[in-house]
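This report concerns only the one structure given below.
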Amino acid sequence: MIGLSIAVVVLIVLLLYQIGRQRRLFRDISEFAESVVYNDFSRKYPEKGRYKKLYKQFNVITNALLKLAGEKEAQQHYLREMLELVDTGILAYDVETYETLWMNEAFTGMLNIPSIKNINWLKKQNEDLFNELLNIPLNESILMTIHAEKQTIKTMTSASIFRTAGRTYKLIAFHNVSATMEDVESSAWKGLLNVMTHEIMNSIVPVSSLSDTLKRKVHLFKKTSPNTFNPDLEDMEFALETIHRRSEGLLRFAESYRNLSQKIVPDMKSYNLYELISSIHFLMNPSMEQKGISFNFKTDDPGVMVKMDRDLIEQVIINFLTNATYAVSGKETPQIHLFSGKDMEGRPYITVADNGSGISDDIRDKIFIPFFSTKKNGNGIGLSISREIVKLHNGKLHMQSQVKEGSAFTILFGQNTELSKG
């Protein structure tokens, strides 16, 4: 009986041992499956014992998956770096939740916004832009005008849809073509102006000279024949005088527009922005007071120094102020403000702002085109020349406007800026 009892106990112990080993095996298999599901491959399995071959396969699979995960992470890192280096703005978002999958620095810099987790943020900041993003057509390139903070940007935009991990995303690429279009537009207008002024002046000069010669002959004839009165002679003299006067006027007109097609060479020296706007305020304020316009100036950094051609920049600012004076002419309390300083990115700026009539969307893209003017007697060359002058200073010209609320024109200077001196 004792021997039988011992045998039973041994059998039970062996059975429990086997059950324990099986449980450990099942647990290891379950944990391995979980590690695959959750991409956690930190555990290593001992390659010994009865199941050493199985554990060895676990380690082989774990190492292979770790290698794949490392390669995938390296590829994602490379992709992120590549997307950050390109100058094309890229946005990818979930079409159902609007959650952002990807947004590179080119895109956030283009719109001057922070990196956001959900594009619903844009709906509160710029609802028109938010709606435009949702309605961008798929699989075609369109020219899109984005009204962002402090600037209007033209982009060549394309969009596509892709699915991953059971979710649908919209991928949008924005290539900023504003500078390219401005350069092409400026070059085209300069070429046209050069041809026009050349042909006008070549045609008008002989007309002006001939009319003046004939006018002198008629006048001499009348002087040498005082007793001869001929009404036709009087009409002829008046007609020749009119032709000569208008010819001279047309020549002056062509000469003024020829400035647009000539290359300006700026005389770059270092100047203090606050001192500049102060002197312009001193120059323009008496005229503003006569018109009943409140004209003030201020700065957020009086020590900013910029290399510039002062005469050219003054011409730009005075042109802005002249336009602002026209814009506020119908206001009960007309106001014009002149600012200088540095923006949030440390770039020097000068801004002329008014509370005038504003610029409507339908003409906003036309105001820098030569000959286009909303003024009754305007010639449409002021803003065109202003933009060219700002480009010569490696800067940008930004415009903000809201109908019936006012406009603001900003010169944002380029990289030729000196450090503030205090």
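The values are calculated or read from the model by the stated rules, or taken from the named source; none is laboratory data. Just so it is clear, the structure is predicted and the values come from calculations on it, not from any experiment. All Cβ positions, glycine included, derive from the backbone under ideal geometry; neighbour counts span all protein chains shown. Keep in mind that these areas ignore ligands, DNA and RNA; they rest on the heavy atoms of the full protein, side chains included. Shrake-Rupley method; radii C 1.70, N 1.55, O 1.52, S 1.80 Å.
So here's what we get for this one:
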quantity: Cross-link table 170/391; 269/298; 291/342; 123/154; 44/170; 291/396, entries beyond 29 Å C-alpha to C-alpha; calculated: 170/391; 291/342; 44/170; 291/396
quantity: Theoretical gain in end-to-end length, residue 132 to residue 171 [0.36 nm per residue, Cα-Cα removed]; calculated: 12.7 nm
quantity: Accessible surface, per residue, of the stretch 315-355 when the full set of protein chains is kept, probe 1.4 Å, Å²; calculated: 44 Å²
quantity: Sorted peptide list for 132-145, 316-329, 299-312, 93-106, criterion being average Cβ within 10 angstrom, highest first; calculated: 316-329, 299-312, 93-106, 132-145
